[in-house]
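The values are calculated or read from the model by the stated rules, or taken from the named source; none is laboratory data. All of these numbers come straight from a predicted model, not from anything done at the bench. Here the Cβ is made from the backbone with ideal geometry for all residues, glycine too, and neighbour counts use every protein chain on show. Side chains included, ligands, DNA and RNA excluded: accessible areas come from the protein's heavy atoms. Shrake-Rupley method; radii C 1.70, N 1.55, O 1.52, S 1.80 Å.
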There are 2 protein chains.
Amino acid sequence: MHAPDGNRLAALAALLADPTRARMCLALLDGRAWTAGELARHTGVGASTASDHLSRLVRGGLLAQQRQGRHRYVRLADTRAAHLVETLAAQAEPTPVGERPRNLRTVRADRALALARTCYDHLAGRLGCALTEAMTHRGLLCQDTGFALTDAGLAWFAEHGIPLPRTGRRPLVRACLDFTERRTHLAGAAGAALCRHALASHWCVPAGTGRALRVTDHGERAWRELLGIEASALR
Amino acid sequence: MHAPDGNRLAALAALLADPTRARMCLALLDGRAWTAGELARHTGVGASTASDHLSRLVRGGLLAQQRQGRHRYVRLADTRAAHLVETLAAQAEPTPVGERPRNLRTVRADRALALARTCYDHLAGRLGCALTEAMTHRGLLCQDTGFALTDAGLAWFAEHGIPLPRTGRRPLVRACLDFTERRTHLAGAAGAALCRHALASHWCVPAGTGRALRVTDHGERAWRELLGIEASALR
DNA sequence: GGCACCGTGCGGCGGCGACCGAAGCGTCGC
DNA sequence: GCGACGCTTCGGTCGCCGCCGCACGGTGCC
């Protein structure tokens, strides 16, 4: 019953307005819980500095923490917080062609990330876009007039034993803008369910320590059988 | 082809991390162009300070400017920028019950804003939510499995002479979270078209200097005939 | 119990940036 | 052409905050 408040907006934005805190939140987009020390090393700052940043992010409601023994685990507070970081990151991305210094390792890592990765709790990268496109092509997902599952899409999830939560205020599907592909891919509760199922069925396995995934041979067959996605589309 | 960059994210967030700049962007959510002086008075800072802030927001790509005589008009750069501010503001809103100092004038202004207002380029407030609900109830909009217009919805727009852009990468419909109602309402190209039509037909007219709208008698009849919305639902 | 380790509180340092006032420049109106 | 007006540029001040090193408490391991 009140107009939006500039102070609150500024306070929220200030949480992400520091490069170190921003890097922490981007790292946490993998959906896992990290320890304070891991994040300190990942961002290249001292332990005390990282501790301070994390306290601030928790106090601001962006992160949730959980103490376990002598470790402090933090994760993104909820899907809303994750959605916020995604939105901001997507808007920030349009890099104006600048060729940045790169070495072989970063090229490899970027390439793995571009092929398949998690985006908080759903599948992204070329894989995420390919399956979104395939689902649209097969009439499971309708993008003509919005972004929604069709009846056939609901049936498809049921048929393959992927449970969709009926409950909850969380939207069943949501469009998420991809960093690398510059296209939208499937997010929301259905996107998360599909990602969980893919990991549980070992269609994808984590590659390395980040968010990157590798599609297994088993997974290549599954994607082809279920959605007609050729393995060549994932390279 | 690269992972999201913390520096760019932080730079973008920093644009909104100052209360004065945040207030400026919130004011610009009405979709109009403001002069630098208007924004300076609105935010309560000196002209030189405001000028500095605006330059920074323009340089950051959030605002677009247009010089006209001795005035400098600024507006939100595009719908992406508006979407960003909306998302951030919606997340920032959850005010923890704090009773803030209020006088009669602010109560009146808040009430007008809660009833009907523009949200960048579409209709929001109780009116926006009521028509979104009515369109859903009548099968024009489907929220069961996402957020999309139905065939009947497309026909409804055509039938009432409200042109929907076929072109463009902008999504036809999008769900926007309402500040006051805490519910989603219709945004995207269709929401903008409906808002334009409502203003052109004088179903709503601007009330005061802000984003608030007033539903005319003519408009009350129109909403009832078109979507079965009773006037009592808008009070 | 002793030790290694993870995280936190504190003091201090340095830099960024938000703000203002005054001076300057272009535009509009009489 | 003159003054009024809107905006910008330039110094200068002040407070905030990101960072570190260090000391300390708490936890787990041997």
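Put simply, chains B and A cover up around 4700 Å² of each other's accessible surface, both sides summed, when a 1.4 Å probe is used.
As a test of reading the structure, rank B:His218, B:His83, B:His53, A:His122 by solvent-accessible area (1.4 Å probe, protein chains only), most first. Mind dumping the intermediate values first?
Working: B:His218 90, B:His83 60, B:His53 30, A:His122 0 Å².
Order by accessible area, largest first: B:His218, B:His83, B:His53, A:His122.
Rounded to the nearest 20 debye, the dipole magnitude of chain A is 800 debye, with +1 charges on Lys and Arg beta carbons, -1 on Asp and Glu beta carbons, and the Cα centre as origin.
Find how much the distance from B:Ile162 to B:Ala47 grows on full extension, using 0.36 nm per residue of separation minus their present alpha carbon separation; answer in nm with one decimal. Spell out each step's value before the answer.
On the way: separation 115, 0.36 × 115 = 41.40 nm, distance 4.17 nm.
Between B:Ile162 and B:Ala47, full extension yields an extra 37.2 nm.
Name the residue from A:Ala175, A:Ala81, A:Ser201 whose Cα lies farthest towards the positive end of the charge dipole of chain A, charges +1 on Cβ of Lys and Arg and -1 on Cβ of Asp and Glu. Farthest along the dipole direction, towards plus: A:Ala81.
Taken over the protein assembly as shown, the ratio of Cα radius of gyration to 2.2 N^0.38 Å equals 1.02.
Share of carbon and sulfur in the accessible area of the stretch B:6-91 stands at 45%, probe radius 1.4 Å. Summing +1 for each Lys or Arg and -1 for each Asp or Glu among the other residues whose beta-carbon sits under 13 angstrom from that of B:Gly153 gives -2.
For B:Glu220, the label point sits 7 Å beyond Cα toward Cβ; its separations from the matching points on the remaining copies run 6.8 nm, from shortest to longest.
Over 19 Å, how big is the tail of the calculated P(r) for the stretch A:6-78, in percent of all Cα pairs?
Details: 666 of 2628 pairs.
Everything past 19 Å amounts to 25 percent.
Exposure check, 1.4 Å probe, all protein chains in place: B:Arg138 carries approximately 130 Å² of accessible surface.
Sorted from shortest to longest, the distances between the B:Leu199 label points of this copy and the other copies are 4.5 nm, with each point 7 Å from Cα along the line through the beta carbon. Amide H contacts of A:Leu141: A:Thr136, A:Thr150, each under 5 Å away and 5 or more positions distant or on a separate chain (H built 1.01 Å from N in the peptide plane; Pro and chain starts excluded).
In a Debye calculation with equal point scatterers on the alpha-carbon sites of the stretch A:106-234 and no solvent, what is log10 I(q)/I(0) at q = 0.14, 0.15, 0.18 Å⁻¹? Relative scattering, expressed as log10 I(q)/I(0), comes to -0.56, -0.65, -0.96.
Only protein atoms count toward the accessible area here, which uses a 1.4 Å probe; on the stretch B:132-235, the carbon and sulfur part of that area reaches 51 percent. Across the stretch A:26-31, rounded Karplus estimates of 3J(HN,Hα) from the backbone phi angles (6.51 cos²θ - 1.76 cosθ + 1.60, θ = phi - 60°) give 5, 5, 6, 5, 6, x Hz, Gly and Pro being marked x.
In the stretch A:114-147, burial by the other protein chains removes 50 Å² or more of accessible area from A:Thr145, compared with the chain on its own (1.4 Å probe, ligands and nucleic acids ignored). Set the Förster radius R0 to 22 Å, insert the Cβ-Cβ distance between A:Arg67 and A:Arg32 as r into 1/(1 + (r/R0)^6), and round the FRET efficiency to 0.05. E between A:Arg67 and A:Arg32, to the nearest 0.05, is 0.85. Once the mean of 1/r is taken over each pair of separate Cα atoms and inverted, chain A shows a Kirkwood hydrodynamic radius of 19.2 Å. Converting phi to 3J(HN,Hα) with the Karplus coefficients 6.51, -1.76 and 1.60 and the offset θ = phi - 60°, the stretch B:225-235 yields 5, 6, 10, x, 8, 7, 4, 5, 6, 9, 10 Hz in sequence order, with x at every glycine or proline.
Before anything else, pin down the relative contact order of chain A: Cα pairs under 8 Å, at least 6 apart, normalised by residue count, whole percent. Show your work: numbers first, answer last.
Details: 294 pairs, mean separation 37.6, N = 235.
Relative CO of chain A lands at 16 percent.
Give me the accessible area per residue for the stretch B:6-91, probe 1.4 Å, as a whole number in Å². Before the final figure, lay out the partial values.
Numbers: 3720 Å² over 86 residues.
With the other protein chains kept in place, the stretch B:6-91 gives 43 Å² per residue.
Distances between copies of B:Pro165, taken at a point 7 Å out from Cα along the Cα→Cβ vector and listed shortest first: 3.5 nm.
With helices as the sole contributors, chain A gives -14500 deg cm²/dmol at 222 nm; each DSSP H run of n ≥ 4 counts as -39500 (n - 2.57), and the sum is divided by every residue. Equivalent ellipsoid of the stretch B:117-185: semi-axes from √(5λ) of the C-alpha gyration tensor, largest first, are 19, 15, 12 Å.
Report relative contact order for the stretch A:6-78 in percent, whole number only (criteria: Cα-Cα under 8 Å, sequence separation at least 6). Can you show the working numbers first?
Numbers: 76 pairs, mean separation 22.6, N = 73.
Here the relative contact order equals 31 percent.
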